[in-house]
Structure formats: C-alpha cells, structure tokens
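Quick note: the coordinates plus some simple rules give every number you see, no bench work behind them. Note that the structure is a prediction, hence the values are computed from the model and not measured. Note that we place each Cβ from the backbone using ideal geometry, even for glycine, and neighbour counts take in every protein chain shown.
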Amino acid sequence: MQVNPYIHYNGNCEEAFNFYVQAIGAKIDVLMHVEGSPAAEHMPPEMANKVLHAQLSIDGEVVMASDAPPEFFKTPQGFSISLNMEDPAEGEKTFQALADGGAIRMPFAATFWSKGFGMCVDKFGIPWMINCGQ
C-alpha cells in the first residue's frame, strides 16, 4: 500500500507545481489538462485549461493534485505536507523557498526534537512542515 497526499488547488495547480520544481527541485511526472480529456464534456468551459490530474515527485515521494471547480474549492486546512530532511542547512533553504510569497507559521529553528523545524504556508495556500531530525 502507498499513501500519497492529493491536493485540490483553486485554479493554480500548474503554477504551483512549476513553483515546486524551481523552489525545491521537485519533478513533474504527470500534468493532464481538462481540455482534450474525456472529462472535458462534463466540465464547464472555464475549466478547459485547468489541471485534471497532476503528479509530482519530491525526492522520490509522490504528491498528486488537480484544480477544483470553483464551487467545490475549500481553503486547505487541518493538514501539512511534511518534508523530513537530514541536513538542517538544506532544510532551512527548502523552508525559505516554500515560504517565499507565503506565510511563516513557525520560523525554522532548532527544537528539542529536531536540528531544524519550521512551518509555513506557501503562496498557493498549502501548509508545509520541514523537519530535520536529531
């Protein structure tokens, strides 16, 4: 069994995935638009250029996503995508890249459980935690 987060974006999934490629070295594995898919006939015309399904790899781990139709989108809450890293310097660099244009909930710093930990929400509204274990 494999568990993967599936994120619904507010019409900016492709922009977010391209940001993750630049900011943290992620790799886009799949990016399908509504237009040209069998789903197109069931979606409103304004969804044509939106993402039907996407898959991103972050150091071999998979995150999937799509654009939600506007009437179904809800602001993400109650979860965070957690990246666990060995090197605190790399952790802080990743944290700062994800926080750029977003909001810092807990600045990146050493804690009693970690050589470095921080919480942020990226500019697309997705919550992240970066943790560098002891």
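Annotation: of all residues in the range 9-20 being surrounded by fewer than 19 Cβ atoms within 10 Å (Cβ to Cβ) and in contact with a strand residue (DSSP E or B) (Cβ under 6 Å, 6 or more places away or on another chain), the one that is farthest from residue 54 (Cα to Cα) is 11. Considering only residues in the range 56-110 that are β-branched (Val, Ile, Thr) and surrounded by fewer than 15 Cβ atoms within 10 Å (Cβ to Cβ), the one that is nearest to residue 14 (Cα to Cα) turns out to be 75.
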